[in-house]
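For reference, the structure discussed in these notes is given below.
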Amino acid sequence: MPEFLAELLSQNDIFTASTIMEYWGGLVTTVQLVFLSLVLGLVLAVPLAILRTSKNPLINAPVWFYTYIFRGTPLLIQLYIIYYGLAQIEGIQQTFWWEIFRGAFYPALLAFTLNTAAYTTEIIRGAIVATPSGEIEAAKAYGMSWALRMRRIILPSAARRAVQAYSNEVIFMLHASAIASVVTLVDLTGAARNIYSRFYAPFDAFIFVALIYMALTFMLVFAFRKLENYLLQHQRPVSG
Amino acid sequence: MIDLKGYGPALLDGAVVTIELALLSLALSLALGLIGASAKLSKSRVAIAIATTYTTLIRGVPDLVMMLLFYYGGQVAVNNLSDYLYDAYGVDFFFQFDPFIAGVLTIGLIFGAYMAETFRGAFLAVDSGQIEAARAYGFSRWRTFHRIILPQMLRHALPGLGNNWQVLLKTTALVSIIGLTDMVRVAEEAAKAERMPFHFFIPVAFVYLSLTAISELFIKWLTKRANVGVVQGS
């Protein structure tokens with residue numbers, strides 16, 4: 001640790017090494033939670049979005065219903081229903097599921113995953129629907145099967161259109177993850193709340209954590225801008 | 001009808017609190033959004049810098065963290081102010097910072113930033129010839145704004161406004177965390193006391209769902225009205 005930092009910490013009542021470690025633990029929890037829920041949500045959302053664009057109402061209606069429910073209600077309520085509700089399921093306490101869901105992490109992960117999957121499904125659906133019909137016709141003319149067309153033409157082209165909206169969803173998820181602190185999980189916000197109540201120092205505790213969130217947000221914005229540049233490289237005007 | 005174990009009236013009161021909170025925050029966010037958008041489009045460098053800092057700061061911080069900061073920090077700030085006033089001028093001033101006020105301020109401030117972006121885009125979408133024509137007719141700045149710019153920008157702003165409102169409505173659930181007895185709070189207490197989470201949370205979820213569904217219809221109607229004079233390609 002640089003000397004000036006050590007000196008600063010030793011003179012500070014609140015930001016001692018132990019509170020910094022508490023924030024660090026919170027940061028790890030937040031990043032794990034957000035990263036896992038985004039990956040799982042994306043994995044769920046791609047097939048759901050394809051089903052959602054199906055013309056058969058028996059296939060697309062259930063997916064529509066799922067996204068409608070999860071997008072029409074607050075994430076906090078979904079978290080409460082899953083966190084408090086899972087424990088009430090008859091007989092769950094005798095199965096191995098109870099070992100997984102008795103803590104707060106996995107219920108929160110489940111709620112976040114289902115929520116982000118619903119939003120992502122709609123984002124990808126919008127991108128798939130907007131595929132220029134000429135691209136699909138050309139693929140058909142080449143004799144591509146449905147699966148090949150999906151994999152080679154429609155999904156890559158949809159990914160380019162979806163990336164902007166998806167970056168907003170990722171940032172939204174990072175911010176929404178703060179509510180995990182409500183179900184006793186010590187994420188970044190949870191750590192800030194603990195430190196606030198220990199020192200009764202709302203400004204120090206919350207402004208510090210706000211700065212961490214802000215740094216995370218700007219890192220994500222930067223990463224997505226790079227990704228967008230990469231995906232849309234072929235569309236950039238040629239300039240000298 | 002489902003049996004709400006006597007929590008029915010409390011839930012209904014909570015729903016009213018939620019709606020009040022949402023509407024008041026909406027009003028605040030619309031006002032801040034208009035001011036923010038005007039500042040961003042003004043020629044003053046200071047105004048642009050302030051507005052840009054505001055929208056950037058808001059977009060970087062989670063709503064819950066900001067709410068906790070405002071609620072707990074707000075009370076400390078009020079206490080400090082009241083101590084200072086008493087020491088310096090002997091004024092006895094005290095003000096209880098309640099969750100409702102903290103909620104309206106936070107949500108209004110957060111969505112004000114999003115509204116500012118929406119309005120900025122909508123202002124820019126108004127044809128500059130329209131504004132020049134209004135000036136040529138000798139309209140004052142205010143009159144140009146409310147007769148020419150406002151009706152024409154509304155059409156461009158509505159989709160964004162509608163989106164923001166739907167998100168805002170769902171964000172009001174967070175105020176239950178700082179202790180406001182809205183319907184989420186009532187449902188949480190009832191669910192814990194009766195050990196019946198599904199029984200209380202699902203009706204509340206349903207209320208939110210119907211509020212968003214009604215808003216959707218209303219926004220559709222408004223969009224139709226705002227687009228009355230526009231010729232659309234078939």
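Rule-based calculations on the coordinates, nothing more; no lab input. A quick note: this is a predicted structure, and the numbers were derived from the prediction, not measured. Positions of Cβ are generated from backbone atoms using ideal geometry, with glycine treated the same way; all protein chains shown enter the neighbour counts.
In this Cβ point-charge picture (+1 for Lys and Arg, -1 for Asp and Glu), the protein assembly as shown has a dipole of about 2400 debye about its Cα centre. When the charge dipole of the protein assembly as shown is built from unit charges on Cβ atoms (+1 for Lys and Arg, -1 for Asp and Glu) and taken about the Cα centre, the candidate among B:119, B:79, A:84 whose Cα reaches farthest toward its positive end is B:119. Remark: the residue B:224-residue B:147 segment gains 25.8 nm on full extension, using 0.36 nm per residue and subtracting the alpha carbon distance. For the protein assembly as shown, treating each Cα as an identical point scatterer without solvent, what Debye log10 I(q)/I(0) comes out at q = 0.12, 0.13 1/Å? Log10 of I(q)/I(0), two decimals: -1.27, -1.44.
Taking every eigenvalue of the Cα gyration tensor of chain A, multiplying by 5 and rooting it, what semi-axes result, largest first, whole Å? Before the final figure, lay out each step's value.
Values: eigenvalues 320, 142, 32 Å².
After diagonalising the Cα gyration tensor, the semi-axes are 40, 27, 13 Å.
By the equivalent-ellipsoid construction on the alpha carbon gyration tensor, chain B comes out with semi-axes of 37, 28, 13 Å, ordered largest to smallest. Computed 3J(HN,Hα) for the stretch A:154-160, one whole-Hz value per residue from the Karplus formula 6.51 cos²θ - 1.76 cosθ + 1.60 where θ = phi - 60°, is 5, 5, x, 5, 5, 4, 5, glycine and proline marked x.
Here the Gaussian network model covers chain B, with springs between Cα atoms less than 10 Å apart; of B:210, B:29, B:140, B:140 fluctuates the most. Each of residue B:195 and residue B:93 was given a label point 7 Å from its Cα along the Cα-to-Cβ line. The distance between the two points is 5.2 nm. Using Cβ point charges alone (K and R +1, D and E -1), the dipole size of the stretch A:3-233 about the Cα centre works out to roughly 1180 debye.
Give me a single rounded figure for A:77-86: the average over its residues of other chain Cβ atoms within 10 Å of their Cβ.
Working: counts 15, 3, 2, 11, 9, 2, 1, 9, 7, 1.
Going residue by residue through A:77-86 and averaging, the value is 6.
Across the options B:201, B:219, B:145, the greatest Cα extent toward the positive end of the charge dipole of chain B (unit charges at beta carbon of Lys, Arg, Asp, Glu) belongs to B:145.
Please sort through the DSSP H helices of chain B and keep those with an alpha-carbon extent of at least 24 Å along the long axis and a Kyte-Doolittle average not below -0.5.
Values: long enough: B:8-41 (49 Å, 1.61); B:63-89 (37 Å, 0.47); B:99-125 (38 Å, 1.38); B:150-171 (29 Å, -0.02); B:197-226 (43 Å, 0.97).
Counting only whole DSSP H runs, the qualifying helices are B:8-41, B:63-89, B:99-125, B:150-171, B:197-226.
Relative contact order for chain B: 28 percent, from Cα pairs under 8 Å spaced at least 6 residues apart, divided by residue count.
Relative to the Cα centre, what is the charge dipole magnitude of the stretch B:18-180, using +1 at the beta carbon of each Lys and Arg, -1 at the beta carbon of each Asp and Glu, and rounding to the nearest 20 debye? Please list the in-between numbers first.
Numbers: 11 positive and 9 negative charges, 197 e Å.
For this selection, approximately 940 debye.
Legend: calculated FRET efficiency, residue B:127 to residue B:83, from the Cβ-Cβ distance at R0 = 45 Å, rounded to 0.05, equals 0.25. Placing pseudo-labels 7 Å out from each Cα toward the beta carbon at residue A:137 and residue A:89 gives an inter-label distance of 4.9 nm. Each peptide among A:100-106, A:229-235 gets the average number of other Cβ atoms lying within 10 Å of its residues, and from highest to lowest they stand as A:100-106, A:229-235. Spin-label model, residue B:135 to residue A:232: label points 7 Å out along the Cα-to-beta-carbon direction sit 3.2 nm apart.
For chain A, a Gaussian network of Cα nodes joined below 10 Å ranks A:110, A:48, A:148 by mean-square fluctuation, and the top entry is A:148. Using a Cα distance threshold of under 30 Å, what count of lysine pairs results for the protein assembly as shown when pairs must be 8 or more residues apart or interchain? Final tally of qualifying lysine pairs is 12. Helix A:188-199 and the longest principal axis of the C-alpha atoms of chain A enclose an angle of approximately 20°.
Applying 1/(1 + (r/R0)^6) with R0 = 35 Å to the Cβ-Cβ distance of residue A:221 and residue B:5, what FRET efficiency is obtained, to the nearest 0.05? So, using R0 = 35 Å, E works out to roughly 0.15. On a C-alpha basis, how far is the centre of the stretch A:145-223 from the centre of the stretch B:88-133 in Å? Whole number, if you could? Here the answer is 24 Å between Cα centres.
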